[in-house]
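Everything on this sheet refers to the single structure shown next.
Any read-out appearing in this document is the output of simple, stated calculations on the displayed coordinates, not a laboratory observation. Since the model is a prediction, treat every value here as computed from it, not as a measurement. All Cβ positions, glycine included, derive from the backbone under ideal geometry; neighbour counts span all protein chains shown.
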Amino acid sequence: MADTYDVVVIGGGPGGYNCAIRAGQLGLKVACIDKRGVFGGTCLNVGCIPSKALLHASELYEEAGEHFPKMGIEVKGLSVNLKGLMAHKDKAVSELTKGIEFLFKKNKVEGIVGEGKIVAPGTISVTTKDGTREITAKNIVIATGSDVAPLKGVTIDEKQIVSSTGALTLPEIPKRLLVVGAGVIGLELGSVWRRLGSEVTVIEFLDRICPGLDLETGKQFQRILTKQGMSFKLSAKVTGVTKKGKALSVTVEPAAGGTAETLEADVILVAIGRRPYTDNLGLDEAGVKRDERGRVVTDHHYATNVKGIYAIGDVREGPMLAHKAEDEGVAAAEILAGRAGHVNYDAIPSVIYTYPEVATVGKTEEELKAAGVEYKVGKFPFTANARAKSNLTTDGFVKILADAKTDRVLGAHMVGPDVGNMIGEVVLAMEFSGSSEDIARTCHAHPTLSETIRQAAMGVEGWTMQM
Ligand code: FAD
Ligand code: NAI
């Protein structure tokens with residue numbers, strides 16, 4: 001007889017594993033299927049965690065070489081041991097993925113390694129190394145995530161022409177790295193290899209980097225990255241790549257068409273976005289609707305058009321972020337358990353983990369203008385923050401946007417040291433429908449970088465005080 005579950009989650013990334021764990025906590029009989037062999041999805045295996053391990057280590061390396069001497073600390077014989085660096089990254093990944101197995105046991109989640117396919121609503125076939133078995137479930141949650149978007153005419157071999165996955169495991173530091181796409185992956189992994197010694201050129205189709213960013217924040221960010229040595233070719237597209245001995249010859253054209261030029265590179269990183277992943281999942285047979293971008297269509301309770309089938313995370317609409325997937329997983333499990341699961345899409349932060357970091361939440365100035373919302377701006381630079389000055393980390397600023405009539409915080413945009421940790425304060429204020437005055441009148445410890453947020457909030461009503 002087939003096994004029957006209350007919930008079967010297909011996909012064990014941050015959406016899927018958090019959904020399964022929460023369902024287990026709420027007393028539902030739950031299984032989570034993943035074909036990767038290790039739970040944790042893109043995020044833990046080939047995404048957030050390995051990239052942050054390399055970003056952190058390479059940032060320390062650059063700091064030791066360039067900033068320590070400015071603070072009177074001499075370092076002799078500093079060098080990179082790439083194998084050691086990769087071993088550090090792999091250890092972080094393996095410890096965290098093991099942590100999920102532990103959490104599954106603790107919360108009574110059955111983890112199944114295999115490929116899941118929806119045969120009919122309520123029935124899933126799972127192909128494991130031992131064969132195929134069928135399981136039945138009152139509810140199925142699709143959490144199959146996303147995969148690399150391909151670039152027409154360029155074949156990724158994960159050796160010389162790599163996606164983010166190959167860029168996390170390069171065996172040598174490339175002399176010349178060409179990055180296609182000035183988005184989050186291109187700038188984070190481009191930063192890693194630039195710090196380790198590569199000449200990095202970024203080709204971007206649009207006329208700006210990170211197109212979704214608040215315009216002023218994006219421009220400041222590009223200036224800082226350029227100062228660090230990264231080169232940008234905006235409004236340009238790669239139209240072909242050919243091998244030239246050990247190197248690659250890359251044809252680049254203006255985005256609007258025109259005369260092509262040829263660049264040489266040793267490695268190319270293709271990072272032009274990700275696409276929802278639903279291959280071999282049986283969605284057409286089951287009649288599950290997808291939109292024009294291939295994303296599974298759901299209502300605000302994550303239900304698809306087919307009764308008993310739900311979807312969360314990268315595979316549905318919204319930002320492709322681990323914490324968004326996680327929150328949707330928890331909300332979906334709570335809804336399936338008869339509770340009131342909910343995600344506030346106006347307060348989802350987004351962080352780029354370069355140095356300095358970029359952190360944003362809520363609306364950009366451009367979005368507010370387009371929506372005709374009257375708003376006030378408070379801004380404060382890190383050059384005027386005492387802690388940033390004494391740490392020699394003065395690049396960047398904090399900008400707070402508040403409703404001109406009610407003072408409610410509508411957005412925050414930051415470039416600067418550790419802003420990825422600092423943004424949480426503004427997210428919390430927004431969750432509580434807080435005003436800029438609420439932040440401005442909250443006591444902040446001195447001397448901390450977080451005082452920059454307070455001063456920016458004070459700036460909304462024009463009473464910024466620090467130097
Ligand atoms: P995924 O994590 O993609 O998990 C889906 C899982 O489903 C996969 O393990 C896959 O093997 C499995 N699967 C698919 N089909 C089947 C099937 N038929 N049967 C069984 N299993 C199946 N986000 C952040 O918030 N912060 C970051 O710093 C960050 N850094 C990133 C860095 C990189 C290089 C990349 C590529 C992404 C990064 N992201 C980051 C994005 C983040 O990884 C994703 O948003 C997140 O993993 C999405 O979670 P998910 O659960 O929806 O899907
Ligand atoms: P992205 O959407 O962030 O950036 C892709 C960039 O490529 C855009 O600027 C786009 O205009 C450009 N582009 C598209 N086609 C192009 C072409 N043919 N030639 C040149 N440029 C082109 O996508 P990316 O960087 O691949 O990352 C995918 C997703 O992964 C992100 O959307 C993000 O959600 C997630 N991610 C999040 C991270 C974080 O939160 N720190 C880190 C890494 C990834």
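I'd like the distance between the alpha-carbon centres of region 296-322 and region 377-418, rounded to an integer number of Å.
34 Å
Work out which trypsin sites (Lys or Arg not before Pro) in the chain are exposed loop sites (DSSP not H, G, I, E or B, at most 10 other Cβ within 10 Å) and give the longest gap free of them. Before the final figure, lay out each step's value.
On the way: sites that count: Lys76, Lys129, Lys152, Lys246, Arg293, Lys307, Lys405.
My reading of the result: 308-404 is the longest stretch.
Could you sort out which of Lys89/Lys159; Lys35/Lys289; Lys35/Lys175; Lys98/Lys138; Lys70/Lys233 sit more than 26 Å apart by Cα distance in this structure?
Values: Lys89/Lys159 19 Å; Lys35/Lys289 23 Å; Lys35/Lys175 36 Å; Lys98/Lys138 29 Å; Lys70/Lys233 32 Å.
The answer is Lys35/Lys175; Lys98/Lys138; Lys70/Lys233.
How far is the Cα center of region 155-195 from the Cα center of region 213-229, in Å?
Between the Cα centre of region 155-195 and that of region 213-229, the gap is 20 Å.
Calculate for the chain the 222 nm mean residue ellipticity that helices alone would give, adding -39,500 (n - 2.57) per DSSP H run of length 4 or more and normalising by residue count, nearest 500 deg cm²/dmol.
Calculated at 222 nm, the ellipticity per residue is -9500 deg cm²/dmol.
Any chance you could run the full-extension gain for Val75 through Glu367? It's 0.36 nm times the residue separation minus the Cα-Cα distance, nm to one decimal. Mind dumping the intermediate values first?
On the way: separation 292, 0.36 × 292 = 105.12 nm, distance 4.68 nm.
That works out to 100.4 nm of additional length.
Return Ser198, Ser249, Ser433, Ser350 ranked ascending by Cβ neighbour count within 10 Å, so the fewest neighbours appear first.
On the way: Ser198 23, Ser249 14, Ser433 11, Ser350 18.
Least to most surrounded, the residues fall as Ser433, Ser249, Ser350, Ser198.
State to the nearest 20 debye the size of the charge dipole of region 161-272 about its Cα centre, where the only charges are +1 on K and R beta carbons and -1 on D and E beta carbons. Present the calculation step by step, with values, prior to reporting the outcome.
On the way: 13 positive and 11 negative charges, 53 e Å.
Approximately 260 debye in magnitude.
How long, wide and thick is region 161-272, going by the Cα atoms along their three principal axes, in whole angstroms, largest first?
The principal-axis extents, from largest down, are 42, 34, 23 Å.
Which percentage, to the nearest 5, of the DSSP beta bridges contained in the chain is antiparallel?
Values: 52 of 85 bridges.
Here the antiparallel bridges make up roughly 60 percent for the chain.
Within region 63-100, report the GluC sites (Glu not before Pro) that DSSP leaves as loop and that have at most 10 other Cβ atoms within 10 Å. Kindly include the intermediate steps, with their values, before the conclusion.
Values: sites: Glu63, Glu66, Glu74, Glu95; in loops: Glu74.
Counting only loop positions with at most 10 other Cβ atoms within 10 Å, the GluC sites (Glu not before Pro) in region 63-100 are Glu74.
Can you check what the net charge comes to around Val7, using other residues whose Cβ is under 9 Å from the Cβ of Val7 (Lys, Arg +1; Asp, Glu -1)?
+1
With only alpha-carbon pairs counted, each pair once and no self-pairs, how large is the Kirkwood hydrodynamic radius of the chain in angstroms? Intermediate values should be presented prior to the final figure.
Working: mean 1/r = 0.0418 Å⁻¹.
Kirkwood radius, the chain: 23.9 Å.
With +1 on the Cβ of every Lys and Arg and -1 on the Cβ of every Asp and Glu, and nothing else charged, how large is the dipole of the chain about its Cα centre, in debye rounded to the nearest 20? Show your work: numbers first, answer last.
On the way: 54 positive and 57 negative charges, 143 e Å.
For the chain, the charge dipole is close to 680 debye.
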